[in-house]
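The values are calculated or read from the model by the stated rules, or taken from the named source; none is laboratory data. The model shown is predicted, which means the values in this text are computed figures rather than measured ones. All Cβ positions, even for glycine, are placed from backbone atoms using ideal geometry, and neighbour counts span all protein chains on display. Surface areas here come from the heavy atoms of the whole protein model, side chains and all, with no ligands, DNA or RNA. Shrake-Rupley method; radii C 1.70, N 1.55, O 1.52, S 1.80 Å.
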Amino acid sequence: YRSLSEWITHLQDLVTEAQENGAQLVSFPEYVGLLPLLISPTFRELAEDFFDALEEKKVDLCREILSFFNEQLSELLFSCYYNTFALLANRSRLYIHAGSTLLFDHGKLQERCFLFGPDGEAVLEQDKLFLSKTEKDLGICPGSELELSDIALGRVAILPGADSSYFEPAKIAYQLGAQIVLCPVSPIQQDNEVAERCGPWMRCQEQALYALVPRFVGNWDHFRFCGKAAIFAPYEATRSSKNGIVVQCAQNDSEAVLFSRVNLDYLDLPVDLYASDSNPDFSRQLAAAYSAFPQPMEHLEPQVQEDE
């Protein structure tokens with residue numbers, strides 16, 4: 001972005017597109033709150049140095065750059081992020097999950113997510129619980145509990161980054177009554193569908209939840225971010241597609257706004273992971289294998305023994 005207004009306009013365009021397609025809840029990617037840093041050429045250069053140092057595993061240099069951002073820009077950046085998304089929610093009258101940002105709170109650096117209601121007030125705040133080794137090395141502190149919020153659409157929880165890759169947070173959310181989990185996934189440079197299926201998609205199959213998965217895509221400097229945004233659900237709730245996917249981006253490197261209706265009543269259907277299992281080749285081979293066996297013993301005529 002070349003200016004703050006360009007960033008805000010981009011966000012507004014995405015929200016407007018979702019609104020025009022009947023959306024009531026909109027979810028943005030993880031770390032979307034850090035994007036204004038790239039507006040200034042000076043800060044952009046520092047950000048590039050940070051990512052280069054991160055790739056080369058120069059943790060001390062990363063901490064030094066991050067410390068500068070925290071001391072000089074943390075409060076200003078957070079104010080810009082918070083007020084922008086609060087205003088977007090208020091003007092659109094939608095629920096908006098503002099991805100996440102980094103902020104200092106009581107002397108601790110934390111990644112925090114916000115969900116804003118139609119009046120522009122934050123209805124849910126969630127700190128990331130499971131940190132990567134790199135995030136720990138950078139001094140980011142984990143959250144201590146899982147928060148939920150009852151909104152007009154149902155009960156919602158947020159599982160940012162690796163939180164949706166572990167069984168326990170989703171299980172806790174489900175047992176607390178969550179119906180929808182918002183899963184902003186960390187920016188990645190290599191799209192791995194197998195790894196993705198171990199995240200939010202799997203959580204939906206285990207706990208009968210809907211999951212919204214927003215992702216970053218695009219190019220910045222020599223970095224290429226990719227991934228398919230999606231809305232996942234239990235198999236039982238996706239009988240037509242038979243794959244646990246309500247809707248998903250066709251490409252992993254192009255921007256798109258996904259939208260779909262969801263029916264929370266489907267979450268109450270009995271879970272049967274094999275309900276949509278279909279493998280014609282296996283069925284034919286199985287039938288052929290069984291036909292090769294002799295007639296089962298119970299179907300044979302009983303032999304009458306003659307008296308001696």
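Structure summary
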quantity	calculated
Considering only the chain, percent of DSSP beta bridges that pair antiparallel, nearest 5	75
At R0 = 25 Å, FRET efficiency that the Cβ-Cβ distance of Tyr166 and Asn192 yields, to 0.05	0.90
Protection-proxy order for peptides 2-8, 205-211, 178-184, 19-25, each taking the mean of Cβ atoms within 10 Å per residue, highest first	178-184, 205-211, 19-25, 2-8
Other-chain or far-sequence residues with amide H under 5 Å of Val247's (modelled H)	Ile231
The range 75-107 versus the range 139-156: alpha-carbon centroid distance in Å	15
Trypsin sites (Lys or Arg not before Pro) within the range 195-284, DSSP loop, no more than 16 other Cβ atoms inside 10 Å	Arg197, Arg239, Lys242, Arg261
Residues with amide H under 5 Å from that of Ser27, placed H, sequence gap 5 or more	His97
Per residue accessible area in Å² of the range 24-116, where ligands, DNA and RNA are left out and the probe is 1.4 Å	48
C-alpha long axis of helix 280-291 to longest principal axis of the chain, angle in °	20
Phi to ³J(HN,Hα) by Karplus 6.51 cos²θ - 1.76 cosθ + 1.60 over the range 86-100, Hz, x for Gly, Pro	4, 5, 4, 5, 5, 6, 8, 6, 10, 7, 10, 8, 8, x, 7
Chain lengthening between Asp265 and Asn21 when straightened (0.36 nm per residue, less Cα-Cα)	85.6 nm
Sulfur and carbon atoms: percent of accessible area, the chain [1.4 Å]	50
Average accessible surface area per residue within the range 130-222, 1.4 Å rolling probe, Å²	45
In sequence order, calculated HN-Hα J values of the range 249-264 (Karplus, 6.51, -1.76, 1.60; Hz; x Gly/Pro)	4, 6, 10, 9, 9, 10, 6, 7, 9, 8, 8, 6, 7, 10, 10, 5
Stretch gain in nm, segment Glu147-Trp220, where the contour uses 0.36 nm per residue and the Cα spacing is subtracted	22.9 nm
Efficiency of FRET between Val123 and Val59 - r from beta-carbon atoms, R0 25 angstrom, step 0.05	0.10
Amide H contacts of Ser186 (H built 1.01 Å from N, under 5 Å, at least 5 apart or other chain)	Gly161
Label assignment, Rg/Rh (Cα atoms, Kirkwood Rh) derived from the structure, set (1) 1.05; (2) 1.00; (3) 1.14	(3)
Filtered GluC sites (Glu not before Pro), the range 23-111: DSSP coil and at most 14 other beta carbons within 10 Å	Glu56
Fluctuation leader among Asp265, Asp127, Asp150 - the chain, Gaussian network, Cα springs under 10 angstrom	Asp265
The range 88-168: trypsin sites (Lys or Arg not before Pro) in DSSP coil with no more than 15 other Cβ atoms inside 10 Å	Arg93
Residues Gln285 and Asp137, FRET efficiency given R0 of 51 Å [Cβ-Cβ distance, rounded to 0.05]	0.50
Most mobile listed residue (Ser149, Ser74, Ser260) in the chain, GNM with C-alpha springs under 10 Å	Ser260
Cut-off 11 Å between beta-carbons: net charge of the residues surrounding Ala53, Lys and Arg +1, Asp and Glu -1	-4
³J(HN,Hα), Karplus 6.51/-1.76/1.60, whole Hz, each residue of the range 46-63, x for Gly, Pro	5, 5, 5, 4, 5, 5, 4, 5, 5, 5, 8, 6, 8, 5, 4, 5, 4, 5
